[in-house]
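Peer 1: Sharing a structure, written as structure tokens. Questions coming.
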Amino acid sequence: MKKSYSEITAYVKELAALSCSNNNIKPEMYNEHNVKRGLRDLDGNGVITGLTEISHIKAKEKDGTPCEGELYFRGYNVKELVADFNKSGRFGFEEVMYLLLFSELPNREQLDKFKETLAEYRSLPQSFVRDMILKAPSKDMMNTLSRSVLALYSYDDNPDDTSVENVLRQCMQLISVFPLLAVYGYHGYRHYHLNKSLHIRNPKPHLSTAENTLHILRKRGDFTPLEAQVLDLSLVLHAEHGGGNNSSFTTHVVTSSGTDTYSAIAAALGSLKGPRHGGANVKVVNMFDHMKNSINTKSETEIEDYLVKLLNKETFDNAGLIYGMGHAVYSKSDPRADVLKQCAKDLSAEKGRQEDFQLYETVARLAPQIIGEKRKIYKGVSANVDFYSGLIYKMLELPYELYTPIFAISRIAGWSAHRIEEIQNNGKIIRPAYINVKEKKQYVSFDER
Ligand code: MLT
């Protein structure tokens, strides 16, 4: 007899309980077996798993003392790149992509040619928007992105060729169309799930990635120079973060199996979607929205009380976390958060949102001490890249649904560089070991159970 939905749900609940009760791996066993949980040692330092030339993160001096965080793309300090972009008022993301992919800074001619090629690639196969993006609109744009990336495999005449030339072509095409996949996916969601009008606008060849993203997203396609500049800087800062961050490591792992570019990038997207990785920027904004509704005067004492409650799992999502604070590698500061803080400040002045900025700044100042006391973290914590990016996206009036996809629109540059680096330097499939801790059992035949 056909089972009802609630009967099936109750059965699945029972099976889940069975699965949990049969899981006998205790936290202390990881130490007993000397397993580096999360591929990190007891101090939280990552286990060395590869070599890269793409970027370098500095968070400690040679003697191990924590220092202000520094980030280098192909040997160049990101803060110096940003300072030069700001000084000349030029967009930096395309230049950074060139640097990450080809390991050298482009001159004007090289950059123009690269941008022209990206503009050529910035279109989707005929009917792709209708057939692939709008057909089954998802409420999660990271899901739409992964699905679209996998579907693009079918439109590629040479999908499985993993030569550097072919992979580079595929990566440049994906880099170009990522804003379209994410933003059109959002328009589809708005139309079919929220009953709003549907507008699909074509990108313009002469616009930068940041400008095009705002152009195809906004109802009238318009934006201020500061808005485009701030989004561009955010793309610059999110583009790359070493081989060890979860999505870039995923790119290495999946690439090492010899699979195609679409599969590797879809896997990286799946990783970035997680709230412990790229999904954190949405959590930060949700947490601040909740905080603003929960406190009246916004006095420092009230804010402190709220932060303590967060850590005590007594408020917001009861996870015991202050989202946007702390990082696996950085301790004293995340250089990207420093730059984004200034962007958030400038934008808050243009938008008349100084009060919001002040609240973020106060939390960034108070939280490290509270976390340090409560969690006994001696390495120190500070605001990370997700802390101010959410506020910036909110002031740019980007929908929450696009916060993590914006991260992806940028990070695909790093993933592409890592995929190519893996192909060039590693002939081996990544295959770490797991220790089996289940004892052998005497088999019981089906009739005797
Ligand atoms: C990133 O940019 O990928 C995040 O900061 C996470 C990380 O580096 O592990």
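Peer 1: So, for the chain, what is the accessible surface per residue at a probe of 1.4 Å, expressed in square angstrom? Don't skip to the end; give the middle numbers.
Peer 2: Values: 23870 Å² over 449 residues.
Ligands and nucleic acids excluded, the result is 53 Å² per residue.
Peer 1: How would you rank 152-165, 204-217, highest first, on the average number of other Cβ atoms within 10 Å across their residues?
Peer 2: On the way: 152-165: 13.1, 204-217: 20.9.
My ranking of the peptides, most packed first, is 204-217, 152-165.
Peer 1: How many nm is it between the label spots at Thr259 and Glu116, if each spot is 7 Å from the Cα in line with the beta carbon?
Peer 2: Label at Thr259, label at Glu116, 3.7 nm between them.
Peer 1: Okay, next question. Name the shape class, rounded, prolate or oblate, that the alpha-carbon gyration tensor gives for the chain, where a ≥ b ≥ c are the square roots of its eigenvalues, rounded holds for a/c under 1.5, and otherwise prolate holds if a/b is larger than b/c and oblate otherwise. Don't skip to the end; give the middle numbers.
Peer 2: Working: a/c = 1.29, a/b = 1.12, b/c = 1.15.
Rounded shape, in that the Cα axes give a/c under 1.5.
Peer 1: Another question about this same structure. Order the peptides 27-39, 383-395, 428-440, 326-338 from the highest to the lowest mean number of other Cβ atoms within 10 Å of their residues.
Peer 2: Values: 27-39: 11.1, 383-395: 25.5, 428-440: 8.5, 326-338: 21.9.
Listed from highest to lowest mean packing, they are 383-395, 326-338, 27-39, 428-440.
Peer 1: Continuing with the same structure: For n ≥ 4 DSSP H runs only, could you compute -39500 (n - 2.57) per run for the chain, divide by its residues and tell me the 222 nm figure to the nearest 500?
Peer 2: Here the helix-only value at 222 nm equals -18000 deg cm²/dmol.
Peer 1: Figure the gain on full extension for Ile8 and Lys428 (residue separation times 0.36 nm, minus the Cα-Cα span) and round it to one decimal in nm. Can you show the working numbers first?
Peer 2: Values: separation 420, 0.36 × 420 = 151.20 nm, distance 4.37 nm.
Here the segment from Ile8 to Lys428 would lengthen by 146.8 nm.
Peer 1: Here is a further query. If each of Asp157 and Glu80 carries a label point 7 Å out from its Cα toward its Cβ, how far apart are those two points in nm?
Peer 2: It works out to 4.4 nm between the two label points.
Peer 1: Which value, in debye to the nearest 20, describes the size of the charge dipole of the chain about its Cα centre when Lys and Arg Cβ atoms bear +1, Asp and Glu Cβ atoms bear -1, and nothing else is charged? The partial results should precede the final answer.
Peer 2: Numbers: 57 positive and 56 negative charges, 214 e Å.
The calculation lands at about 1020 debye.
Peer 1: So which trypsin sites (Lys or Arg not before Pro) in the range 157-251 are both in a DSSP loop and have at most 12 other Cβ atoms within 10 Å of their Cβ? Numbers along the way, then the final one.
Peer 2: Details: sites: Arg169, Arg190, Lys196, Arg201, Arg218, Lys219, Arg220; in loops: Lys196, Arg201, Arg218, Lys219, Arg220.
Answer in residue order: Lys196, Lys219, Arg220.
Peer 1: Right, here's the next one. If packing is taken as the mean number of other Cβ atoms within 10 Å per residue, what is the order of 89-99, 51-61, highest first?
Peer 2: On the way: 89-99: 21.4, 51-61: 16.5.
Most protected by this proxy first, the peptides run 89-99, 51-61.
Peer 1: Follow-up question, since we're still on this one. Give the cross-link partners of Lys139 among the lysines, using a straight C-alpha distance below 17 Å as the criterion and excluding same-chain residues fewer than 8 apart.
Peer 2: Within the straight-line cut-off, Lys139 pairs with Lys196, Lys273, Lys283.
Peer 1: Here's a follow-up. Carbon and sulfur atoms: what percent of the 1.4 Å accessible area of the chain do they account for? List each step's numbers first, then the result.
Peer 2: Numbers: 12080 of 23870 Å².
Exposed carbon and sulfur together represent 51 percent of the surface.
Peer 1: Expressed as a whole number of Å, what is the distance separating the alpha-carbon centroids of the range 219-260 and the range 291-324?
Peer 2: 30 Å
The values are calculated or read from the model by the stated rules, or taken from the named source; none is laboratory data. Keep in mind the model is a prediction, meaning the values are calculated, not measured. Virtual Cβ from ideal backbone geometry, glycine too; neighbours counted across all protein chains shown. Note: accessible area is taken over every heavy atom of the protein model, side chains too, but ligands, DNA and RNA are not part of it. Shrake-Rupley method; radii C 1.70, N 1.55, O 1.52, S 1.80 Å.
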